[in-house]
1. May I ask which of LYS57/LYS154; LYS3/LYS153; LYS57/LYS156; LYS57/LYS109; LYS60/LYS153 have a Cα-Cα span longer than 28 Å here?
2. With all protein chains present and a 1.4 Å probe, how do PHE200, PHE142 order by accessible area, largest first?
3. Have a look at PHE147, MET30, GLY166 and report the one farthest towards the positive end of the charge dipole of the chain, computed about the Cα centre with Cβ charges (Lys/Arg +1, Asp/Glu -1).
4. Probe 1.4 Å, all protein chains in place: accessible area of VAL41 in Å², nearest 10?
5. With a ≥ b ≥ c taken as the square roots of the eigenvalues of the C-alpha gyration tensor of region 64-148, please select rounded if a/c is under 1.5 and otherwise prolate if a/b is larger than b/c or oblate if it is not?
6. Hey, got the dipole for the chain? About the Cα centre, +1 on K and R Cβ, -1 on D and E Cβ, debye to the nearest 20?
7. Rounded to whole Å, give me the distance from the Cα center of region 178-196 to that of region 1-40.
8. For labels at SER210 and HIS95 in the simple 7 Å Cα→Cβ model, what's the distance in nm?
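The values are calculated or read from the model by the stated rules, or taken from the named source; none is laboratory data. These numbers come from a predicted model, not from an experiment. For neighbour counting, all protein chains shown are included, and Cβ atoms are generated from backbone atoms with ideal geometry for every residue, glycine included. When the accessible area is computed, the model is the full protein with side chains, heavy atoms only, and any ligands, DNA or RNA have been set aside. Shrake-Rupley method; radii C 1.70, N 1.55, O 1.52, S 1.80 Å.
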Amino acid sequence: MTKVSPSLLSADFGNLDRDIEMLDSSEAAMLHIDVMDGVFVPNISFGFPVMQAINRKARKPLDVHLMIVQPERYVSQVRDCGAEIMCVHYEACTHLNRLVNQIRQGGMKPAVALNPSTPVAMLEDIIDDLDMVLIMSVNPGFAAQKFIPGTLKKIKQLREMIAAHGVNVEIEVDGGINLETGRAVVDAGADIVVAGNFVFKAPEPVKAISDLSAL
Ligand code: DX5
Ligand code: ZN
């Protein structure tokens, strides 16, 4: 059973209530919330008022992926939006150890995301403090991009690092996931798959989620 975290970036923002209800009725393990600032990534998605609205409606846990510079400025706001997981980018954090501790103290699960060009080895001295690592399988910023195959090697390396440290850290993979790439990332060692386009453009999104969770 693979955990599925559908990305609301591909939802219909004019019908958010309807789409959140659909996700709540599905086998989704949590809801993936993509926050983009137009600086760390070339796109802007949505901010805290929209996250608050999602949190008021959603019954499943919120998996918040911050593609923003200086994420340390927003720990309390993210917590107040009901996030269960607060995921920050390695490339956006100078003092990652401090921030990870602050996220934990804020009552959330700390997670770190890696861009496709950032080696897994950069996590060697932080992995023990994390609940999840997000491996980006596209360059962050947009939905519906093509999966980068080099991701599979990184998932295997991360799996080995987690085993060597004897810690319980989940591996999430984000970008270009469909049944084919989903199969490949799960075989490589992923625990959680994020899917935006594949779920929301499917004729039956609930079935698309259940197909992914059967991987
Ligand atoms: C990309 C985001 C992803 C994205 C996934 O910057 O972090 O979560 O929305 O969308 P798909 O599954 O369409 O690649
Ligand atoms: Zn994401």
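1. Numbers: LYS57/LYS154 35 Å; LYS3/LYS153 20 Å; LYS57/LYS156 36 Å; LYS57/LYS109 21 Å; LYS60/LYS153 31 Å.
In this structure, LYS57/LYS154; LYS57/LYS156; LYS60/LYS153 lie more than 28 Å apart at Cα.
2. Values: PHE200 35, PHE142 105 Å².
I get PHE142, PHE200, largest accessible area first.
3. About the Cα centre, the residue reaching furthest to the positive side is PHE147.
4. 0 Å²
5. Details: a/c = 1.92, a/b = 1.33, b/c = 1.45.
Note, shape of region 64-148 comes out oblate.
6. Working: 19 positive and 27 negative charges, 25 e Å.
Once rounded to the nearest 20, the dipole reads 120 debye.
7. Each part's Cα centre sits 17 Å from the other's.
8. 4.9 nm
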